[in-house]
Ligand code: AHR
């Protein structure tokens, strides 16, 4: 990316204190709560006056939250777009009003919006790789055999789209593996449980569940137990995030693997914003590297989990 492209974006003045917007998507899971805490903790250490909003699971509310931040005159906005498309107009309005936007944890549709042109950068994990790591753990564990139910995240969100692609592409290379059904549980525990309950009735032969996040995986474990199946034995569970409940499920033998997706974006947000204010050209994707939690290391990491 050339600095000329960056020059297209609103500049950020160098100053001691910033008014910073963080437009959260929802707060119904430990991952979101940990992310919000990371931003709130960073507000103190990075000299931010934080304007925090919670869209309560509605992309439409998140759009109006961003608009109201622009109206309140924030210096920058950190935004995890709940879904890839609906937030685009708000991102463009922020730019037009001179407010630089940093996408954080989720991205927008890269076919229509570009880092360095429409927003500064995307801070986040490689979701395609997370899905591929989960698939490859499973392939190795089962010798390439399995009848899989997939619990997708929020429809239209970048982690749901990419975790599906990363996983499905690996599985497709193995003729004895089949994805029986793939359905959204909206990244929520309760929906994950309900969707699993229904899918188990249609596909009682399933022996693997791949959940796009730990909350849905925990919901799936509850549904399996209610149906008299033994998670971790009758049905292998693979997932993404690395929450405390997931690490406990691994230690209890109920879950096989969770690929980490770190929610601790505050310090990286502070650092990247300062680099931008210093006039540095920011790379289009500030990548977060993730670990993998299995029975080999879950005990070591559970105390630091959220
Ligand atoms: O965008 C990251 C995903 O969103 C996390 O995996 C999930 O738990 C959250 O809701």
task: Output the qualifying pairs, or none if there are none: Cβ atoms under 7 angstrom, residues six or more apart or on different chains, first residue in the stretch 22-37 and in contact (Cβ under 8 Å) with a residue 12 or more places away in the chain, second residue within 9 Å of the ligand (Cβ to nearest atom) and part of a helix (DSSP H, G or I).
output: 24/32; 25/32; 26/32; 29/215
- prompt: What single numbered condition from (1) part of a helix (DSSP H, G or I); (2) over 16 Å from residue 106 (Cα atoms) fails to hold for residue 49?
  reply: (1)
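For (1) away from the ligand (no atom under 16 Å from the Cβ); (2) surrounded by 22 or more Cβ atoms within 10 Å (Cβ to Cβ); (3) free of Cβ contacts under 8 Å to residues at least 40 places away in the same chain, each residue gets a yes or a no:
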| residue | (1), (2), (3) |
| --- | --- |
| 151 | no, yes, no |
| 160 | no, yes, no |
| 167 | no, yes, no |
| 171 | yes, yes, yes |
| 185 | no, yes, yes |
| 197 | yes, no, yes |
| 205 | yes, no, no |
| 216 | no, yes, no |
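Results for (1) over 16 Å from the mean Cα position of the chain (by Cα); (2) more than 28 Å from residue 153 (Cα to Cα); (3) within 16 Å of the ligand (Cβ to nearest atom), shown as yes or no for each residue.
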{"site": "26", "(1), (2), (3)": "no, no, yes"}
{"site": "45", "(1), (2), (3)": "yes, yes, no"}
{"site": "48", "(1), (2), (3)": "yes, yes, no"}
{"site": "67", "(1), (2), (3)": "yes, no, no"}
{"site": "92", "(1), (2), (3)": "yes, no, no"}
- request: Look at residue 263 and say whether it is surrounded by 17 or more Cβ atoms within 10 Å (Cβ to Cβ) and either at pLDDT below 95 or within 21 Å of residue 124 (Cα to Cα) (or both).
  value: yes
- request: Find the strands (runs of 3 or more DSSP E) located wholly in the stretch 56-166 whose residues include 2 or more that are at positive phi, and list them.
  value: none
- prompt: Do we find a residue being farther than 27 Å from residue 27 by Cβ and not in a helix (DSSP H, G or I) anywhere in the stretch 244-259?
  reply: yes
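To keep it simple, each residue is scored yes or no on (1) surrounded by 24 or more Cβ atoms within 10 Å (Cβ to Cβ); (2) within 16 Å of the ligand (Cβ to nearest atom); (3) under 28 Å from residue 76 (Cβ atoms); (4) without any contact (Cβ under 8 Å) to a residue 24 or more places away in the chain.
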{"position": "227", "(1), (2), (3), (4)": "no, no, no, no"}
{"position": "232", "(1), (2), (3), (4)": "no, no, no, no"}
{"position": "243", "(1), (2), (3), (4)": "yes, yes, no, no"}
{"position": "255", "(1), (2), (3), (4)": "yes, yes, no, no"}
{"position": "267", "(1), (2), (3), (4)": "no, no, yes, no"}
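The values are calculated or read from the model by the stated rules, or taken from the named source; none is laboratory data. Just so it is clear, the model here is predicted, and its values are computed rather than measured. Here Cβ is always computed from backbone atoms with ideal geometry, including for glycine, and neighbour counts include all displayed protein chains.
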